[in-house]
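So the structure is just underneath, and the comments pick up after that.
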Amino acid sequence: MIVTGIKPTGQIHLGNYIGAIKPALELAKISGYQSAYFVADFHGLTKIHHAEEFRQLSYGIAATWLALGIDPDQVIFYRQSDVPEIFELNWILSCFASKGLLNRAHAYKAMVETNKEFNRDVDFGVNMGIFTYPILMAADILLFKANTVPVGKDQTQHVEIARDIAESFNHVYGDTFLLPDYKVQEGTAVLPGLDGRKMSKSYNNTIPLFEEPKKLQKLINRIKTDSLPPEAPKDPKTSILFTLYKEFASPIEVERMHEQYLRGIGWGEAKKELFHVMNRYLEEPREKYNELMASPEKLDKILLKGAEKARALSIPFLKEVKRKIGFNV
Ligand code: TRP
């Protein structure tokens, strides 16, 4: 089983797509495994404390998965909060997770470090959801007996923590949880953002995945370039525009563009070409995304049907786990 989720804490951008979503969708296609994709809405609650924003972001993740080609009849597609067994398991696992293990989790540690830098209390701004985030993620993974968890690089430690917690439980009660492995797509380029640094919400340099064409063009026009004149030869290797172009153009187009760079291409022209291939690639999913966002009741229906499928697995397995612990269920 392949399991992966996305937390609704911001607008999905091209970096998320190329780095994590696309590889996850491709892995499921080639592996022949059953796969589960979900909206990690309760993970989003660690950050988003505004009802309307929370609702829109959650629907946004669901619509994104579907727009990019998830077929809810082929895979298990659900919203985390519709599967209550995850939360029961969350508590059980928290009784097998040492506090020290969670002290070492990167996201929490980074917050503590920042607080120290600013001479604040070390736990300033840290809610318990942030601290125990990896336990809930372990429940997501272990409840569905995932052997493979496709994630972006920043999430590998969380999968290792899930493994550690599973081992602690298995050590006491015998083989119960499958030990999951993470899968980070090797060779995928780190997608540069508008300023050339890694595209990331925290750098404020992103291109939203489903941006409207006019705004998309505007963002592309903002991409940083040097001041070489149009006719001067350009180095494709160091060009943000070319790195982005490669992700969305066909191999023949990439080859041609490579030659044009060496011969000399104006940045304005290069930006126009980039917009062309990006928009061509995104047009169809964007339309589907907009359609879905306009009918949340349709999304709810799909998600609830998916949750039923998920619970057909989670209810019996959670029972098995509880019996081992000593519950009479
Ligand atoms: N923590 C992941 C992220 O921020 C989202 C997530 C939650 C997840 N539960 C998961 C990913 C289980 C894989 C498996 O991207």
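The numbers here are math on the coordinates, done by the rules we state, and not lab data. Nothing here was measured: the structure is a model prediction, and the numbers come from that model. Note that we place each Cβ from the backbone using ideal geometry, even for glycine, and neighbour counts take in every protein chain shown.
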**Report entry** Distance between modelled label sites at Lys99 and Thr156, nm, 7 Å Cα→Cβ extension
**Finding:** 3.0
Query raised in the report: Tell me, what ³J(HN,Hα) does each residue in the range 42-57 have, in order and in whole Hz, if you take phi through Karplus 6.51 cos²θ - 1.76 cosθ + 1.60 with θ = phi - 60° and put x for Gly and Pro?
Result: 5, 5, x, 5, 4, 10, 9, 10, 9, 4, 5, 4, 4, 4, 5, 5
Report summary line: Non-local residues with an amide H under 5 Å from the amide H of His13, with H modelled 1.01 Å from N and Pro and chain starts lacking one, are Leu209
Query raised in the report: Under a point spin-label approximation (7 Å from Cα along Cα-to-Cβ), what is the Arg323-Glu231 distance to one decimal in nm?
Result: 8.2
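Divide by every residue of the chain the summed helix terms, -39500 (n - 2.57) for each DSSP H run of at least 4, and state the resulting mean residue ellipticity at 222 nm, rounded to the nearest 500 deg cm²/dmol.
-17000 deg cm²/dmol
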Report task. Taking H placed 1.01 Å from N in the peptide plane, check which residues at least 5 places from Gln34 or on another chain put their amide H under 5 Å from its amide H. Result -> Ile2
Report task. Pull up the cross-link candidates among the lysines for Lys324, meaning alpha carbon to alpha carbon under 23 Å and not fewer than 8 places away within one chain. Result -> Lys145
Report summary line: Among the range 83-104, those whose backbone N falls under 20 Å of a label point 7 Å along Cα→Cβ from Met128 are 84-104
Query raised in the report: If we count every other residue with Cβ under 14 angstrom of Pro229's Cβ, Lys/Arg +1 and Asp/Glu -1, where does the sum land?
Result: -1
Report summary line: Output row, site Lys145, 7 Å Cα→C-beta label point, backbone N cut-off 20 Å, window the range 315-329, residues 315-326, 329
**Report entry** Projected label distance in nm at Lys29 and Thr243, using a 7 Å step from Cα toward the beta-carbon
**Finding:** 2.5
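Which order, highest average first, do 97-105, 147-155 follow once you tally other Cβ atoms within 10 Å for each residue and take the mean per peptide? List each step's numbers first, then the result.
On the way: 97-105: 13.9, 147-155: 19.2.
Put in order of decreasing packing, that is 147-155, 97-105.
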Query raised in the report: Which of Lys29/Lys305; Lys109/Lys198; Lys29/Lys319; Lys214/Lys288; Lys234/Lys271; Lys7/Lys224 have a Cα-Cα distance over 24 Å?
Result: Lys29/Lys319; Lys7/Lys224
Report summary line: Residue-ordered couplings for the range 236-244, obtained by feeding phi - 60° into the Karplus form 6.51 cos²θ - 1.76 cosθ + 1.60 and rounding to whole Hz (Gly and Pro as x), are x, 4, 9, 8, 4, 4, 6, 4, 5
Query raised in the report: Using DSSP loop states and a limit of at most 15 other Cβ atoms within 10 Å to flag GluC sites (Glu not before Pro), what is the longest stretch of the chain containing no flagged site?
Result: 1-185
Query - For the range 176-237 versus the range 1-53, the gap between their alpha-carbon centres in whole angstrom - result: 18
Requested in this report: Rounded, prolate or oblate: pick one for the chain, where a ≥ b ≥ c are the square roots of the eigenvalues of its C-alpha gyration tensor, a/c under 1.5 means rounded, and failing that, prolate if a/b is larger than b/c, else oblate.
Outcome: prolate
Report task. Apply the Karplus parameterisation 6.51 cos²θ - 1.76 cosθ + 1.60, with θ equal to phi minus 60°, to every residue of the range 120-135 and state each ³J(HN,Hα) to the nearest whole Hz, in sequence, with x for glycine and proline. Result -> 9, 3, 4, 9, 4, x, 9, 8, 5, x, 5, 5, 9, 2, x, 6
Query raised in the report: Using Cα atoms only, what is the angle between the long axis of helix 156-173 and the major principal axis of the chain, expressed in degrees (0 to 90) to the nearest 10?
Result: 10
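Report the gain in length on full extension from Glu308 to Phe87: 0.36 nm times residue separation, minus Cα-Cα distance, nm rounded to one decimal. It would help to have the intermediate numbers written out before the result.
Details: separation 221, 0.36 × 221 = 79.56 nm, distance 1.59 nm.
Using 0.36 nm per residue and subtracting the Cα-Cα distance, I get 78.0 nm.
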Report task. Taking the chain as the reference, fit the longest principal axis to its C-alpha atoms, fit the long axis of helix 22-31 to the helix C-alpha atoms, and give the angle between the two in degrees, 0 to 90, nearest 10. Result -> 60
